[in-house]
Amino acid sequence: MLVNLTNGVQNINEVKDSMSSAFQWSSKQGVLCEESMRGMRFNIVDCEVHADAIHRGAGQIMPPSRRLFYALELLSQPTLA
């Protein structure tokens, strides 16, 4: 589950779709054995979005977001079920 808990972040709506797509991509192929993630919740509490629109595209947002979700999954001490 991906939850947006940000308040007053400008241009968050422009990157919301890209972050959601990156989350879906990373949750279908987890980091351990490319298994699906289950029972995880990611809270977005703060976000700093670049002022230029060219830097807010899917190609600029999806790869770091996907790596972030993978790193957070590893930090949560996952197990294989």
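The values are calculated or read from the model by the stated rules, or taken from the named source; none is laboratory data. Just so it is clear, the model here is predicted, and its values are computed rather than measured. Backbone-built Cβ (ideal geometry, glycine too); neighbour counts: all protein chains shown.
Quick notes
- Hits in the range 25-81 - residues which are assigned to a loop (DSSP other than H, G, I, E, B) and among the acidic types (Asp, Glu): GLU34, GLU35, ASP46, GLU48, ASP52
- In the range 18-36, residue farthest from THR79 (Cα to Cα) [restricted to those that are free of Cβ contacts under 8 Å to residues at least 40 places away in the same chain and under 14 Å from the mean Cα position of the chain (by Cα)]: SER20
- Selection of the range 41-81 for residues being touching a helix residue (DSSP H, G or I) at 6+ places or on another chain (Cβ under 7 Å) and not β-branched (Val, Ile, Thr) yields PHE42, CYS47, HIS50, ARG56, ALA58, MET62, SER65, ARG66, PHE69, TYR70.
- Members of the range 14-31 found to be among the charged types (D, E, K, R) and either at pLDDT 90 or above or surrounded by fewer than 15 Cβ atoms within 10 Å (Cβ to Cβ) (or both), listed by number: GLU14, ASP17, LYS28
- Pick from the range 37-53, criterion aliphatic (A, V, I, L, M) and over 24 Å from THR79 (Cα atoms), ranking: surrounded by the most Cβ atoms within 10 Å (Cβ to Cβ): VAL49
- Pick from the range 1-24, criterion assigned to a helix (DSSP H, G or I) and touching a Lys or Arg at 6+ places or on another chain (Cβ under 6 Å), ranking: nearest to GLY39 (Cα to Cα): ALA22
- The residues on offer are GLU34, GLU73, and the sole one that is surrounded by 16 or more Cβ atoms within 10 Å (Cβ to Cβ) and of a type in the set (Asp, Glu) is GLU73.
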